[in-house]
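Enquirer: Let me give you the structure first, and then I'll get to my questions.
The values are calculated or read from the model by the stated rules, or taken from the named source; none is laboratory data. Model, not experiment: these values are computed from the prediction. Neighbour counts run over all protein chains shown; Cβ positions are idealised from the backbone, glycine included. Remember, those area values only see protein heavy atoms, side chains included, never the ligands or the DNA or RNA. Shrake-Rupley method; radii C 1.70, N 1.55, O 1.52, S 1.80 Å.
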Amino acid sequence: MKSLLKTAVLLGIIVSLSSCHDKSKPNYQYMPNMYESVAYETYSESNAFNSPTGLHGKEGQLPPVGSIKRGFVPYEYPNTPEALLAVKAANLKSPLDSTKVDMKKGQALFEIYCAICHGTAGDGQGKLVKQQKFLGVPNYKDRQINEGSIFHVETYGLNAMGSHANQLSQEERWLVAAYVMDLRSKL
């Protein structure tokens, strides 16, 4: 009797397990998107950030108003001629520690970004000036400049010179300004 009961229970378990598996239909999945994620085409439009607020779904991508990125130090002066004069008058100094000013790095950055026009000696006789692509590039010796005014011009650009704020970080612009002042003292 006991063996018949054991056999019946075992047969019932085998039948119930085999009956749950249907090869023509997959089993139900809890949260199926986690098992089979939706594939998106590269560079295709997505409605991931669509919202009914009318901001075209960008509110999830925009930083909060008034926020600044970590490590960034705001520059208070706007891009105006008056601000450049104010920077010169204030004799704005570099916030870098004088022991951390790496003149070799400043020279390397100057030679990459500035020497093509200003010349390696800062005399305004760079390769593009000698080829007459740009004219009127100033000699640092003839200009009334300080570290702050150089940083300001690197940040915003002046006349034919464009801004270098996208290519150089704030620290790198201060290094270049320190190197330009060093060049000026040698002219």
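Enquirer: In segment 99-187, carbon and sulfur make up what percent of the accessible area (probe 1.4 Å)? If you can, show how the numbers build up before the last one.
Expert: Details: 2430 of 5010 Å².
Whole-percent figure for carbon plus sulfur exposure: 48.
Enquirer: Give me the angle, in degrees from 0 to 90, between the Cα long axis of helix 81-90 and the longest principal axis of the Cα atoms of the chain, rounded to the nearest 10.
Expert: Approximately 70 degrees, to the nearest 10.
Enquirer: Leaving out ligands and nucleic acids, and using a 1.4 Å probe, what accessible area per residue does the chain come to in Å²? Walk me through the numbers on the way to the answer.
Expert: On the way: 14580 Å² over 187 residues.
About 78 Å² of surface per residue is accessible.
Enquirer: Let me have the 222 nm mean residue ellipticity of the chain computed from DSSP H runs of 4+ only, each contributing -39500 (n - 2.57), with the sum over all residues rounded to the nearest 500. Mind showing how you got there, number by number?
Expert: On the way: 8 runs with 79 residues, N = 187.
Result for the chain, helices only: -12500 deg cm²/dmol.
Enquirer: Where does helix 147-156 land angle-wise versus the long Cα axis of the chain, in degrees 0 to 90, nearest 10?
Expert: Approximately 50 degrees, to the nearest 10.
Enquirer: Springs between alpha-carbon pairs under 10 angstrom, Gaussian network model over the chain: which of GLU41, GLU171, GLU111 fluctuates most?
Expert: GLU41
Enquirer: Please sort by residue number the trypsin sites (Lys or Arg not before Pro) in segment 98-130 whose DSSP state is loop and whose Cβ has at most 13 other Cβ atoms within 10 Å. Could the numbers behind the result be given before it?
Expert: Numbers: sites: LYS100, LYS104, LYS105, LYS127, LYS130; in loops: LYS100.
Passing sites in segment 98-130 are LYS100.
Enquirer: Rounded to the nearest 0.05, what FRET efficiency do THR99 and THR42 give with R0 = 41 Å and r taken as the Cβ-Cβ distance? Could you check? Don't skip to the answer; put the middle values down first.
Expert: Numbers: r = 48 Å, r/R0 = 1.16.
Here the calculated transfer efficiency is 0.30.
Enquirer: A further question on this structure: Where the Cα atoms of segment 66-113 are projected onto their three principal axes, how long is each span, largest first, in whole Å?
Expert: 32, 28, 23
Enquirer: Over the chain, what number does the Rg to Rh ratio reach, with both radii from the alpha-carbon atoms and Rh per Kirkwood? Could the numbers behind the result be given before it?
Expert: On the way: Rg = 33.5 Å, Rh = 22.7 Å.
Result for the chain is an Rg/Rh of 1.47.
Enquirer: List the pair-distance distribution P(r) of segment 110-155, using every Cα-Cα distance, as the percent of pairs falling in each 5 Å bin from 0 up to the bin containing the longest distance, rounded to whole percents.
Expert: Binned Cα distances yield the sequence 6, 23, 27, 29, 12, 3, 0.
Enquirer: Using 1/(1 + (r/R0)^6) with R0 = 41 angstrom and r between the beta carbons of LYS127 and PHE72, what's the FRET efficiency to the nearest 0.05?
Expert: Approximately 0.75, to the nearest 0.05.
Enquirer: Using the alpha-carbon atoms, what tilt in degrees (0 to 90, nearest 10) does helix 2-20 show relative to the longest principal axis of the chain?
Expert: So the inclination is approximately 40 degrees.
Enquirer: Let me have the relative contact order for the chain, percent, based on Cα pairs under 8 Å that are six or more residues apart.
Expert: Details: 144 pairs, mean separation 33.7, N = 187.
Result for the chain is 18 percent.
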